Amino acid sequence: MPAGRVVIVAGGSLTQDLLQYIDEEDFIIGADRGALFLISHGITPDLAVGDFDSIPPDALDLIREGSREMLACDPVDKDLTDSELALDLALDRQPESILMAGVTGTRLDHTLASIQMMTRALQRQVHCAAMDCHNYITLTGSTAVVPERGYTYVSLLPLTPEVTGITLEGFQYPLENATLKLGQSLAVSNRLAEPQGTVKIESGLLLIIQSKD
């Protein structure tokens, strides 16, 4: 039977206000320093995973004692980032949805890799989102509802060379059967005109980024 929601907290950009989005019913995975962040704020990860190569020994003991389960990997031999390893474990649970925090930050390579790996959740028909205090990112290959979440802007960026048949409802700047190609910024900095908007596409993969300064 599918699980409800899995929350992944990695070691990127994290602020305490993100903790309000974690519910008691969630299965919580702390990836590397994300596990330490959770424990330091009184939240017990159901699973702590990673190579923990940036964690001092005393903090590693804290993670081991403060998590329900811990899976440590060799930092030399592992092929996946800690975030991707956490996503694989999350998908193995067949959840209804996945929320990722701490997967964005100063490392642009890690941020882009984390955004791109949301395609794997979409292929499994699992809704996946990544968030930090300035952004909420989702991915669609068909239709997506975009509710008001306290962010100022809604930007649409193609993740495939071309996205066709883009139709927007409930936005300040609507589109009808539009096409976006990789590298175009036509659909950046739109705004919701209603409590929620709808994004429909016919082909391709489209990132929906709600953001604020």
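The values are calculated or read from the model by the stated rules, or taken from the named source; none is laboratory data. These numbers were taken from a predicted model, which means no experiment stands behind them. Please note: Cβ atoms are built from the backbone with ideal geometry, for glycine as well, and neighbour counts cover all protein chains shown.
If you take just the strands (runs of 3 or more DSSP E) that sit entirely in the range 80-194, which of them hold at least 2 residues that are closer than 26 Å to residue 11 by Cβ, of a type in the set (S, T, N, Q) and in contact (Cβ under 8 Å) with a residue 12 or more places away in the chain?
The strands (runs of 3 or more DSSP E) meeting that bar are 135-140.
I'd like to verify a number: residues in the range 144-164 that are surrounded by 15 or more Cβ atoms within 10 Å (Cβ to Cβ) and either under 16 Å from residue 190 (Cβ atoms) or of a type outside the set (A, V, I, L, M) (or both), how many?
12
Only one residue in 33, 5, 68, 64 is closer than 14 Å to residue 128 by Cβ and not polar (S, T, N, Q). Which one?
Every option except 5 fails the conditions.
Quick check on this structure: which one of 44, 15 is within 20 Å of residue 114 (Cα to Cα) and in the same structural domain as residue 112 (by TED's automatic domain parsing)?
Checking each option against the conditions leaves just 15.
Which condition does residue 150 not pass, out of (1) out of contact with any Leu (no Cβ under 9 Å at 6 or more places or on another chain); (2) within 17 Å of residue 5 (Cβ to Cβ), if it passes all the others?
Residue 150 satisfies every listed condition except (2).
If a residue has to be farther than 23 Å from residue 91 by Cβ and buried (at least 23 other Cβ atoms within 10 Å of the Cβ) to count, how many in the range 1-56 make the cut?
1
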